[in-house]
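Here's the structure we're looking at; comments come further down.
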Amino acid sequence: MKRFNVGVIGATGMVGQRFLLLLENHPWFNVTCLAASSSSAGKKYKDALRRWHMSAPLPAKYADMTVMDADADREKIASAVDFCFCAVNMKKEDIKQLEYAYAKLECPIVSNNSAHRFTPDVPMVIPEINADHIRVIEAQKKRLGTKRGFIAVKSNCSLQSYVPLLHPLKKFGIKCAAVTTYQAISGAGKTFETMPEIVDNIIPYIGGEEEKSEKEPLKIWGEIKDGEIVPASGPAITAQCLRVPVSDGHTAAVFVNFENKPSKQDILKAWAEYRGVPQELELPSAPKQFIHYFEEDDRPQAKLDRMTENGMAVCAGRLREDNVFDYKFVGLSHNTLRGAAGGAVLLAELLAKNGLF
Ligand SMILES: NC(=O)c1ccc[n+]([C@@H]2O[C@H](COP(=O)([O-])OP(=O)(O)OC[C@H]3O[C@@H](n4cnc5c(N)ncnc54)[C@H](OP(=O)(O)O)[C@@H]3O)[C@@H](O)[C@H]2O)c1
């Protein structure tokens, strides 16, 4: 595989920093350009940072790079790199326009933002589940009038702790699922210092999260028709999303009903055997085993298990029959790795392997 020059837009932010760490020694991707808002532009990266949020130290290779202005320097950035990752904190409409602008400058964008998740010809991809949706990019490029510029997005972090576990069970006909997520504070870009109100507490509201958690799976399970992704009509998912005092790792308590109720062994087998395109292609960031089932009654735990396979695997446990639904179980995934930057890097690897950069 050739090496690609990569830009990170939003490089000074929490997700941007995670991108930089993940890409430090990446075999295919070499970060050559860092961009952020006009207030960071022109500064050395180490001076532009308000705070380095990662526990690993800032890699030396980035410290003295000059931060560019994501808006004013976009032509310069687009012509200097093969593609960009984007994770910015701006108004949704402004993010949409920024990402379109890069795509139209023939710079593919792999986005962590939610702005384009429901643009019908923008694929929203969990690579183990709907890698085939990247075929819609051809229609998107036609609409944008571009040769190589396009936008591809990843889904919301909350989904990662239950959609990958429901997906291998779709062959049993999922009628409906009820999910409660217990979401880490890093998902809100916070730490215990910056969110002291979460200590000894649970906050029963995360703006917009329940709608995303119910609606995004249907696009992921949708089909391409006439150059657009048409969302699936089911299974219906109802979700409650709670913010809990955990630094990293979203947990989900899941209840599910089937058309054809499988045995517990059938479910465990479906999880154990499930492999997606990233495993088949042996993409560099792909976990070897996508779903890890824990037999112990008190697992998976966020603190113990979120880093399973470098934080890229999905963990499951406590599968048992229920007296209202058919089954219940618990899922866990690392929200800033699999659920954010790591998921986007895996998506970029899929796009690279398919010749889209
Ligand atoms: N945190 C998570 O776990 C998580 C998970 C999933 C999705 N996301 C999404 O990822 C995105 C970034 O989140 P975050 O937590 O990394 O945010 P963050 O820490 O607040 O960082 C925001 C980044 O956006 C840049 N930015 C702000 N205004 C800009 C502008 N007008 N033009 C260009 N760049 C601008 C900032 O640059 P300056 O430093 O120069 O201001 C900074 O680099 C958001 O859309 C968020 O919803 C986050």
*Loop only per DSSP, at most 12 neighbouring Cβ atoms within 10 Å: give me the trypsin sites (Lys or Arg not before Pro) in the range 258-327, ordered by residue number.*
K288
*Throw me the Rg/Rh for the range 1-113, computed over C-alpha atoms with Kirkwood Rh, two decimals.*
0.93
*L242 to E93: FRET efficiency via 1/(1 + (r/R0)^6), r the Cβ-Cβ distance, R0 22 Å, to the nearest 0.05?*
0.15
*Of K215/K303; K92/K328; K170/K225, which ones are farther than 27 Å apart at the Cα?*
K215/K303; K92/K328
*asked:* Given the options F4, A80, I109, identify the residue whose Cα lies farthest towards the positive end of the charge dipole of the chain (+1 on Cβ of Lys, Arg; -1 on Cβ of Asp, Glu).
replied: A80
_I'd like to know which of T32, L268, A302 lies farthest towards the positive end of the charge dipole of the chain, counting +1 on Cβ of Lys and Arg and -1 on Cβ of Asp and Glu._
T32
*DSSP loop GluC sites (Glu not before Pro) with at most 12 other Cβ within 10 Å: longest gap in the chain*: 1-192
*Using the Kyte-Doolittle scale, which helices in the chain average at least 0.5 and also have C-alpha atoms spread 15 Å or more along the helix axis, with helices defined as whole DSSP H runs?*
342-353
_I'd like the Karplus ³J(HN,Hα) series for the range 236-253: coefficients 6.51, -1.76, 1.60, θ = phi - 60°, whole numbers in Hz, and an x wherever there's a Gly or Pro._
5, 10, 10, 9, 10, 10, 10, 8, 10, x, 10, 5, 9, x, 9, 9, 10, 9
*Per residue of the chain, what 222 nm ellipticity follows from adding -39500 (n - 2.57) for every DSSP H run with n ≥ 4, rounded to the nearest 500?*
-7000 deg cm²/dmol
*Please list, or write none, the lysines whose alpha carbon is within less than 16 Å of the alpha carbon of K46, excluding same-chain residues fewer than 8 places away.*
K61
*Per-residue HN-Hα couplings for the range 191-202, Karplus 6.51 cos²θ - 1.76 cosθ + 1.60 at θ = phi - 60°, whole Hz, x for Gly and Pro?*
10, 5, 6, 8, 9, x, 5, 7, 5, 6, 8, 9
_Quick check for you: which residues of the range 14-47 have the amide N under 16 Å from the point 7 Å beyond the Cα of D64 toward its beta carbon?_
43-47
_Eligible aspartates and glutamates near K76 by straight Cα distance, threshold 20 Å, same-chain separation 8 or greater_ = D64, D94, E99, E106
*Under 19 Å from the Cα of K2, which lysines turn up, not counting those fewer than eight places away in the same chain?*
K353
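Only the coordinates and a few stated rules stand behind these numbers; no lab work does. Being a predicted model, the structure only gives us computed values, none of them experimental. Here Cβ is always computed from backbone atoms with ideal geometry, including for glycine, and neighbour counts include all displayed protein chains.
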